[in-house]
Structure formats: structure tokens, C-alpha cells
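Contents: one structure, followed by commentary.
The values are calculated or read from the model by the stated rules, or taken from the named source; none is laboratory data. These figures come from a predicted structure and were not determined experimentally. We place every Cβ from the backbone using ideal geometry, glycine too, and count neighbours over all the protein chains shown. Surface areas here come from the heavy atoms of the whole protein model, side chains and all, with no ligands, DNA or RNA. Shrake-Rupley method; radii C 1.70, N 1.55, O 1.52, S 1.80 Å.
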Amino acid sequence: YSRTLQTSEPNEFDIMLLMPVARLQLDESDDTGAYYYLTFKRNPKENNLLRFLDEDGKLSSFKMLQALREIIKREVKNIKSVEVTVQRKKPRSPAITLQIKHPPAEISVDIILTLEAHQSWPSSTQDGLKIEQWLGTKVRKSFREKSLYLVAKQNKKEKVQTGNTWRLSFSHIEKAMINNHGKAKTCCESDGPKCCRKACLKLLKYLLEQLKMEHTKELEKICSYHVKTAFLHSCAMWPNDTDWHWGDLDHCFQRYLGYFVDCLQKSELPHFFIPKYNLLSREDKACSNFLSREINSQLNNRFPIF
């Protein structure tokens, strides 16, 4: 799925490369409930992923990413119509990034290796996805029946960087919620009432993008996922379509922004699907404080950045 919420000219895309896998055993690698070691429940002889197991029988995200990288590098050489290069590996990033030079612009494409397992979600997600008041109990149940996604992501909390942790990903569910965001099924459809939910998300994403360009070092720990998570919490807190009238964009944006700044000041932003996982850890407090000061100054000066 590509990043459809780009605010300016779209020049960055995410592609999740889905690999269906047999039943996995998930063992938490720390207390966040987001990072896991994976082993196969049964080791079938024909399983072509066995060569990516480490000596303990854990599926190595590092080995799999490396192999995928080699395949992509090889394939890219065959592309003659445009100039495509594979960017150097970024430490701990789950993505393989392609730079595509194509007049008049350059685009970058992140390819994210994602395992897809048809099995129930782990217990850390049990109390997450609080959308009953917003999208309904039935919708929540149907989401929780969807596959489990795991991305090849290094856990930086690991004592020894073994390169074999995987992180849960819910981007398929997030996308579905953002696309079908109304409590009433007709919200934002051609003949239905228009709300400002997506506009609010785009505005805050744009605000963060601009601030990150100005203060790259100070804001390196904050990313658009923080903004998206705060957005989903806001939708759940203000569940009615009348809470997001198109005509009230200004008020709605400031309310969502207020909630986000509150999270920054408290250094507390629970993951939307894994409530015990705090996305704004204490050690990034300086970053959070810096951003909340910047946002407040934007607010008080009527957003010169826009």
C-alpha cells in the first residue's frame, strides 16, 4: 500500500511485500508487546524459509532482509527505462529504499518485508483497537479476524543486537480505518456528508514534515506514525461524525492538536493496538518537549508554517 496521505506532491511510497507464512510461535522479546522472536510451530521439510533460521531456530529478520536486498539489487540492474538505485542500508530500518530518478522529480520507494500469518493476534493486543463507540463492535471483531502482519524490525532495546526480532504491524487495519472513517457508512461518500477527519490528519502530518525539515536533529525521534496514532485515538475519543463537521475544520484540528501536544508533554502516547506500548518513551523526552514548544508557538502565531 502506498503512502496516500502525502500532503504535498507525493514523492515517497511504501510498498509492503507480503510473504504468507505457516503458523508461527510468537515469543515476546521485551515488555512492549510489539516485538517478537518467531519460530515455526511445525518444521515442514518443504518450508523454504528454514535457511533463514538462526542457531536457536528463530527466524532471522536480518538474514531475510539481506537476501531480499540481494534479489532487489540484481533485479534493479535490469531496469533500463528509468534510473533506479538501491539506497545504502539504514541501521535498524525494516525498509529497502529505492531511489527512482525520473524527470521532473525523484521518488523514493520503501519496500518493507512483511510476514503474513493467518492466526489470532497476540494477547498484548487484547485491549487495544478501542473503536466500539466509533466504528462499532462488529467492525472491531472483523478487523481482529484479519491476518497478523510482522515486519523485519530490529528492537533497539535488545541487549545483544542479534537481528532476529520482528515487530507487529497493523498498517492494513489503519488504512481500512482511515478510508472508512465515518460512524455512518456514508461519511465522505459522493452523496454523503463530508467530515474533516482526513484533512486534520493531513494538516498535522504536513506541520510535522515542515518542522522536521527545519529541526532535523531535534525531532529525529518523532515520526508521522506518532501523528497517525494520535489521530486514531482522537477518532475514538470523538466518535461521532458530527464531532468532525467539515465546517468546523479549524476547531477540530486544534482539538486533535491539543490532544497530541498533551501526549508530548506527558511523554505518553499508547500504541493504538498495543495499549501497554508507549510510543513516546522517557528517553526521548527532550524531543517531545521540543516539538510541543514548536507546536505551541505555531498555534499562538496562527501557523506561519502553513
(message) Modelling each spin label as a point 7 Å along the Cα-to-Cβ direction, I'd like the residue 186/residue 240 distance in nm, to one decimal.
(response) 1.8 nm
(request) Classify the range 54-154 as rounded, prolate or oblate from the Cα gyration tensor: take a ≥ b ≥ c as the square roots of its eigenvalues, call it rounded if a/c is under 1.5, otherwise prolate when a/b beats b/c and oblate if not. (result) oblate
(request) Quick one: which residues, 5+ away or cross-chain, put their amide H under 5 Å from the amide H of residue 119? H built at 1.01 Å from N. (result) 148
(message) Which residue, 224, 59, 118, has the largest displacement toward the positive end of the dipole of the chain when charges sit on each Cβ (Lys, Arg +1; Asp, Glu -1)?
(response) 59
(message) With a 1.4 Å probe and all protein chains left in place, how much of the accessible area of the chain comes from carbon and sulfur atoms, in whole percent?
(response) 52 percent
(request) Could you rank the peptides 111-117, 149-155, 23-29, 135-141 by their average count of other C-beta atoms within 10 Å per residue, with the highest value first? (result) 149-155, 111-117, 23-29, 135-141
(request) Would you give the gap between the C-alpha center of the range 66-135 and the C-alpha center of the range 216-249, rounded to a whole Å? (result) 24 Å
(message) Quick one: 3J(HN,Hα) in Hz for the range 166-180, Karplus 6.51/-1.76/1.60 with θ = phi - 60°, rounded, Gly and Pro as x.
(response) 10, 10, 4, 10, 10, 4, 5, 6, 4, 5, 4, 5, 6, 6, 10
(request) Report, largest value first, the span of the C-alpha coordinates of the range 1-180 along each principal axis, in whole Å. (result) 48, 45, 33
(request) Just grab the label-to-label distance for residue 126 and residue 175, each label 7 Å out from Cα along the Cβ direction, in nm (one decimal). (result) 3.0 nm
(request) Provide the FRET efficiency to the nearest 0.05 for the residue 250-residue 56 pair, computing r from the beta carbons and using R0 = 51 Å. (result) 0.40
(request) Would you mind computing, in nm to one decimal, how far apart the modelled labels at residue 19 and residue 69 are, each placed 7 Å from Cα along Cα→Cβ? (result) 1.4 nm
(message) What is the angle, in °, between the Cα long axis of helix 249-266 and the longest principal axis of the Cα atoms in the chain? Nearest 10 is fine, range 0 to 90.
(response) 60 degrees
(message) If I fit a long axis through the Cα atoms of helix 197-214 and take the longest principal axis of the Cα atoms of the chain, what angle between them do I get, 0 to 90°, rounded to 10?
(response) 70 degrees
(message) With a 10 Å cut-off between alpha carbons and a GNM built on the chain, which of 235, 187, 263 moves the most?
(response) 187
(request) Can you spot the aspartates and glutamates whose alpha carbon is less than 20 Å from residue 73's alpha carbon? Ignore those fewer than 8 places along the same chain. (result) 12, 14, 83, 106, 110
(request) Report, in debye and to the nearest 20, how large the dipole of the range 1-180 comes out about its Cα centre when Lys and Arg carry +1 and Asp and Glu carry -1 on their Cβ. (result) 280 debye
(message) Given a 1.4 angstrom probe, what's the average accessible area per residue across the chain, in square angstrom?
(response) 53 Å²
(request) Once you have the Cα-Cα distance between residue 89 and residue 216, take 0.36 nm times their residue separation minus that, and quote the gain in nm to one decimal. (result) 43.8 nm
